Amino acid sequence: MIELKQVSKQYRVKDRQRSKLKVNAVHQVSLALCYQKSYALVGESGSGKSTLARLIMGIEKPTNGEICLDGRNIALMRSRELRLKRAEVQMVLQNAQSALDPRLSAYDSIAEPIRCLTKTDKSGERSKVFEFAEKVRLTSEQLRRLPHELSGGQQKRVCIARAMSVSPKFIVFDEAVSGLDVTVRKEILDLILQLKKDGIGAFLFITHDIDVALYMADQLFVMKDGSIVEWIENAASYDDFHHEYSRQLIQSLPPKSPNYRKESVNR
Ligand SMILES: Nc1ncnc2c1ncn2[C@@H]1O[C@H](COP(=O)(O)OP(=O)(O)OP(=O)(O)O)[C@@H](O)[C@H]1O
Ligand SMILES: [Mg+2]
């Protein structure tokens, strides 16, 4: 279980007059994510979603508060323990292209966490890479390519296979489908739901798109200005959102936003 207790993250920035300003990117967030459920975090740009994801992953340290994995505060973990926990909680970053090392083939990108976080031998590594490449529908020929030789959707699939290759209990997807065209988006979303059905990791799906959030998970968090303003269990439709800000998000949806229907995937 991942627990956040009164977690805040403050950045110091300089304004035009070069005077120092504080940005409260995340403000006193408390939540618990268990490995059996899937969650979505929704909020407008700049509301603190990616910062929250980086805090959960231990990439950044909170200014205040505690983050615990299975009851252990990650700030107090030694590097070996943190390494083992990293294998259990993986993340797919917002920008697939910058998340992938331009010098590594798709094969090596997927193999890298296996090499760094587990003690798997070469043949075990090979079978794991091919197993997960098949799950995300990447061919052996595509596995030999460098990131710039792959499409945006294929790069995303490499990132997903890479996160899954160490069999995590939980995956944080940060804007996993933003910037992709509508058909590829749907394909990736369904792939993630299918993987969950196959028992490969529950997830926290971060998005600014309320339709996508509803499609992906039943447990929804709405974030505004660094705080969680609404938590909805078993969300099924717009009617389940009650906070004023959530209603504003719904009202600001474009009239032709893609129509994701939960029943189209056998969850
Ligand atoms: N390294 C940083 N230094 C200073 N300010 C930062 C830093 N990272 C984020 N911020 C600020 O913190 C706030 C939250 O940013 P964050 O990236 O978490 O938002 P987000 O909800 O992920 O937005 P988006 O939907 O655009 O990805 C923003 O005001 C941002 O400018
Ligand atoms: Mg973000």
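The values are calculated or read from the model by the stated rules, or taken from the named source; none is laboratory data. Bear in mind the structure is a predicted one, so any value in this text is a computation, not a measurement. Cβ coordinates were reconstructed from backbone atoms using ideal geometry, including for glycine residues, and neighbour counts include every protein chain displayed. For accessibility, only protein heavy atoms count, side chains too; no ligands or nucleic acids. Shrake-Rupley method; radii C 1.70, N 1.55, O 1.52, S 1.80 Å.
Can you tell me the dipole magnitude for region 1-119 around its Cα centre, using point charges on the Cβ only (Lys, Arg +1; Asp, Glu -1), in Debye to the nearest 20?
On the way: 21 positive and 11 negative charges, 111 e Å.
Its charge dipole is roughly 540 debye.
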The equivalent-ellipsoid semi-axes of the chain, taken as the square roots of five times the Cα gyration tensor eigenvalues and listed largest first in whole Å, are 29, 24, 19
Toward the positive end of the charge dipole of the chain, about the Cα centre and with charges on Cβ (Lys, Arg +1; Asp, Glu -1), which of 216, 129, 30 goes farthest? 129
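Kindly state, as a whole number, the per residue volume in cubic angstrom of the convex hull around the alpha carbon atoms of region 115-224.
On the way: hull volume 13.7 nm³, N = 110.
Here the figure is 124 Å³ per residue.
Could you sort 37, 119, 14 by accessible area so the largest value comes first, with the probe set to 1.4 Å?
Output order, biggest surface exposure first: 119, 14, 37.
For every helix of n ≥ 4 consecutive DSSP H residues, a contribution of -39,500 (n - 2.57) applies; sum these over the chain, divide by its total residues, and give [θ] at 222 nm rounded to the nearest 500 deg cm²/dmol. Display every interim value, and only then the final one.
Numbers: 10 runs with 96 residues, N = 267.
Mean residue ellipticity, 222 nm, calculated: -10500 deg cm²/dmol.
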Can you tell me which of 175-183, 103-111, 202-210 comes out highest on packing, and rank the rest after it, using the mean Cβ neighbours within 10 Å? 202-210, 103-111, 175-183
Of the heavy-atom accessible surface of the chain (probe 1.4 angstrom), what whole percent is carbon and sulfur? 47
In this structure, the FRET efficiency calculated for residue 131 and residue 32 from their beta-carbon separation, with R0 = 35 Å, to the nearest 0.05, is 0.65
Mind ordering 218-225, 67-74 by average Cβ neighbours within 10 Å, highest first? 218-225, 67-74
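If you take the Cα atoms of region 137-195, find Rg, then find the Kirkwood Rh from the mean of 1/r over all pairs, what is Rg/Rh?
On the way: Rg = 11.5 Å, Rh = 12.2 Å.
Ratio of gyration radius to Kirkwood radius for region 137-195: 0.95.
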Over every pair of different alpha-carbon atoms in region 72-140, take the mean of 1/r and invert it; report that Kirkwood radius in Å. 13.7
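How would you rank 242-249, 129-136, highest first, on the average number of other Cβ atoms within 10 Å across their residues? Display every interim value, and only then the final one.
Numbers: 242-249: 14.8, 129-136: 18.4.
The packing order, highest mean first, is 129-136, 242-249.
Can you tell me the relative contact order of the chain? Whole percent, Cα pairs under 8 Å, sequence separation 6 or more.
Details: 489 pairs, mean separation 64.7, N = 267.
After rounding, I find 24 percent.
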How long are the semi-axes of the equivalent ellipsoid of region 1-61, taking √(5λ) for every eigenvalue λ of the Cα gyration tensor, in whole Å from largest down? 27, 12, 9
Can you give me the Cα centroid spacing of region 98-155 and region 215-241 in angstrom? 34
Can you tell me the Rg and the Dmax, both Å, for the Cα atoms in region 32-118? 14.7, 39
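Tell me, what is the percent relative contact order of region 1-73, built from C-alpha pairs under 8 Å that lie six or more residues apart? Please report the intermediate quantities before stating the final value.
Values: 119 pairs, mean separation 33.0, N = 73.
Taking the mean separation of contacting Cα pairs over the length of region 1-73, I get 45 percent.
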